1. Quick one: P(r) of the range 3-75 from all Cα-Cα pairs, 10 Å bins, percents rounded to integers, in order of increasing distance.
2. Does anyone have the angle between helix 68-80 and the longest principal axis of the chain? Alpha-carbon axes, 0 to 90°, nearest 10?
3. Give the average over all directions of the projected area of the C-alpha convex hull of the range 86-171, one decimal, in nm².
4. Could you give the length gained by full extension between residue 11 and residue 23, i.e. 0.36 nm per residue of separation minus their alpha carbon distance, to one decimal place?
5. Calculate how steeply helix 113-123 sits against the longest principal axis of the alpha-carbon atoms of the chain, using the helix alpha-carbon long axis, and give the answer as 0 to 90 degrees to the nearest 10.
6. Measure out, as a whole number of angstrom, how far apart the alpha-carbon centroids of the range 1-57 and the range 119-159 sit.
7. Can you give the alpha-carbon Rg of the chain over 2.2 N^0.38 Å, where N counts its residues?
8. Once you sort the root eigenvalues of the Cα gyration tensor of the range 66-108 as a ≥ b ≥ c, which label holds: rounded (a/c under 1.5), prolate (a/b larger than b/c) or oblate (the other case)?
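Since every read-out is calculated from the coordinates, none of them should be taken as a lab result. Since we're looking at a predicted model, the values are computed, not measured. Note that each Cβ is placed from the backbone with ideal geometry, even for glycine, and that neighbours are counted across all protein chains shown.
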């Protein structure tokens with residue numbers, strides 16, 4: 001069973017509630033109905049559909065969720081997923097960025113200066129050269145990356161990537177794509 005099939009099965013609210021009830025320990029149609037708050041008829045219909053798909057084992061009124069199928073589907077989906085796009089053309093920089101940037105967010109600020117510099121060089125690209133940004137806008141742009149915007153602002157200024165004067169920031173360093 002693949003992840004898309006499981007997602008499709010769980011897209012129906014009644015089936016989702018039945019799966020949740022089974023995951024929480026219900027072992028019969030009656031127990032699943034009580035735990036889910038659904039009428040017995042709706043639970044029976046959902047259980048029949050889940051059993052036909054192979055996600056639930058039915059034995060009379062007894063039900064058992066095939067929990068191992070969730071993990072197998074997740075592993076198969078991960079194996080078939082395309083590799084992530086590199087964050088940098090330089091393999092060394094990409095290795096650092098891959099360790100600290102996930103899903104477009106900075107998971108942590110590197111403590112080691114050389115790694116932090118790689119991350120900051122990547123991060124400063126959200127600021128357009130020649131544009132002046134009020135502190136509120138800088139915070140908004142950095143907040144998309146990481147909640148500690150004050151630390152990121154300070155590091156960017158300390159590294160000479162941003163310059164600050166009277167509460168206004170502008171990009172003053174880093175590589176510029178042309």
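1. That works out to 23, 59, 18, 1, in percent per bin.
2. The two axes meet at around 40 degrees.
3. On the way: hull surface 21.5 nm².
The directionally averaged projection comes out at 5.4 nm².
4. That works out to 2.7 nm of additional length.
5. Computed tilt is about 80 degrees.
6. Going from one Cα centre to the other spans 47 Å.
7. 1.61
8. Working: a/c = 4.01, a/b = 2.28, b/c = 1.76.
Verdict is prolate for the range 66-108.
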